[in-house]
1. Please work out how much length the chain gains when fully extended from residue 33 to residue 82, using 0.36 nm per residue of separation minus the C-alpha to C-alpha distance, in nm with one decimal.
2. What distance in nm lies between label points placed 7 Å from Cα along the C-beta direction at residue 62 and residue 107?
3. What's the extension gain from residue 41 to residue 95 if we count 0.36 nm per residue and subtract their Cα-Cα distance?
4. Given the peptides 114-127, 68-81, 143-156, 40-53, arrange them by the average over their residues of other C-beta atoms within 10 Å, most packed first.
5. In nm, to one decimal, how far is the residue 143 label point from the residue 49 one, both placed 7 Å along Cα→Cβ?
6. For segment 4-155, what does the equivalent ellipsoid look like in terms of its semi-axes, each the square root of 5 times an eigenvalue of the Cα gyration tensor, given largest first in whole Å?
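Here, each number is a calculation from the coordinates, and none is a lab measurement. Remember, it's a predicted structure, so these values are computed and weren't measured experimentally. Heads up, the Cβs are rebuilt from the backbone with ideal geometry, glycines too, and the neighbour counts pull from every protein chain shown.
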């Protein structure tokens with residue numbers, strides 16, 4: 001398994017929000033625990049029957065954005081070809097499968113693939129407080145959700161390596 005669980009002590013991000021001119025990408029560098037709890041409640045209340053995930057923005061500083069993901073059922077598997085993805089489990093538990101091969105693979109955009117699941121791969125139980133890094137080009141899928149799971153996800157663009 002290429003996913004790496006990490007221990008984290010301290011604060012993820014601190015800062016302030018700045019006003020932006022019209023049309024500029026919003027900058028938000030701080031969210032309190034109360035803000036995150038409100039986002040989780042909002043995601044839960046807005047989820048439609050059968051909808052596997054509802055996402056809400058926690059922080060934004062281009063090219064990075066941290067999102068809250070509220071998952072109440074199994075959704076599609078994914079591959080991000082140029083971004084690593086970091087997950088922090090805010091609440092709940094699930095099984096995360098990494099590696100293997102996407103089932104019924106299709107392209108969602110120029111840099112991402114999706115599938116109905118993963119063949120092969122390595123399952124990892126994840127629960128409140130856990131961190132996981134999924135490297136770019138690695139299939140990943142929450143194959144089982146134990147009730148619900150609330151995550152922070154952060155996509156991290158990775159530089160393209162030059163051909164030698």
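1. Details: separation 49, 0.36 × 49 = 17.64 nm, distance 3.03 nm.
Gain on extension, residue 33 to residue 82, equals 14.6 nm.
2. 2.5 nm
3. Numbers: separation 54, 0.36 × 54 = 19.44 nm, distance 2.27 nm.
Additional length available on full extension: 17.2 nm.
4. Working: 114-127: 16.0, 68-81: 19.9, 143-156: 17.9, 40-53: 13.1.
Ranked by mean Cβ neighbours within 10 Å, highest first: 68-81, 143-156, 114-127, 40-53.
5. The modelled label-to-label distance comes out at 2.9 nm.
6. Numbers: eigenvalues 130, 66, 51 Å².
Listed largest to smallest, the semi-axes of segment 4-155 are 25, 18, 16 Å.
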